[in-house]
Amino acid sequence: MFTATDSLVEVAVPNTDIKRFFAFYYRYSAVDPPETKQIPDLFGVVQYGPAEGPAQRVLLRVTGDSSTYDYESTQALVHDTVSKWRRAELWSSDGNRTAPSLSRFGVLVTLRARDREGNDLPNAEIRIPVSDDKLDLAHASLPKSFRLQRVY
């Protein structure tokens, strides 16, 4: 089962029953992620998989002062374009049911940043592509104070 701070983000392959979901579980949600007790530098958890539940779970860890950042949003990326809606369609894979067709999309987690006085700073973006139906951490982009750790 997905656990998320926000609504799930769906990516569907047109003319198939294939759907994948992204979720972000922020450390400071009403109920903290279970890893919070063992991992003090945990910022949140990225989840990806079919409707039945996440097939992959990745920890977003932060070095230094995490109070600069607050969770803002989770959005789908399709061919490097940010989806404006909670549901995106992967038309380049239209009708294709194979794992390699589940590529060239990903997730964007945006974090709002503020300095100690509360002044806005540029947002931080974590971009994780999907390749062959797996989160591709080797090609993820994130600010230098963050790192990703695969759980499963």
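One table, with the values for the structure above:
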quantity	calculated
Dipole-positive endmost among PRO122, TYR152, PHE24 within the chain (Cβ charges, Cα centre)	TYR152
Cα centroid separation, the range 1-17 to the range 91-129 (Å)	14
In the range 41-104, chymotrypsin sites (Phe, Trp or Tyr not before Pro) in a DSSP loop with at most 14 other beta-carbon atoms within 10 Å	TRP85
Relative contact order (%) - the range 68-152, alpha-carbon pairs under 8 angstrom, separation at least six	27
Phi-based couplings in Hz for the range 127-137 (Karplus 6.51, -1.76, 1.60; Gly and Pro marked x)	10, 10, x, 10, 9, 6, 6, 9, 5, 9, 5
Overall Cα dimensions of the range 13-58 - principal axes, largest extent first, Å	43, 18, 14
Cβ charges +1 (Lys, Arg) and -1 (Asp, Glu), total dipole of the range 9-150, debye	180
Cα-based convex hull volume of the chain per residue, rounded to whole Å³	110
Positive minus negative residues near PRO50 (Lys, Arg vs Asp, Glu; Cβ under 12 Å)	-2
About the Cα centre, charge dipole magnitude for the range 78-148 (Lys/Arg +1, Asp/Glu -1 at Cβ), debye	180
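We did not get these values from a lab; they are worked out from the coordinates using the rules stated. All of these numbers come straight from a predicted model, not from anything done at the bench. Virtual Cβ from ideal backbone geometry, glycine too; neighbours counted across all protein chains shown.
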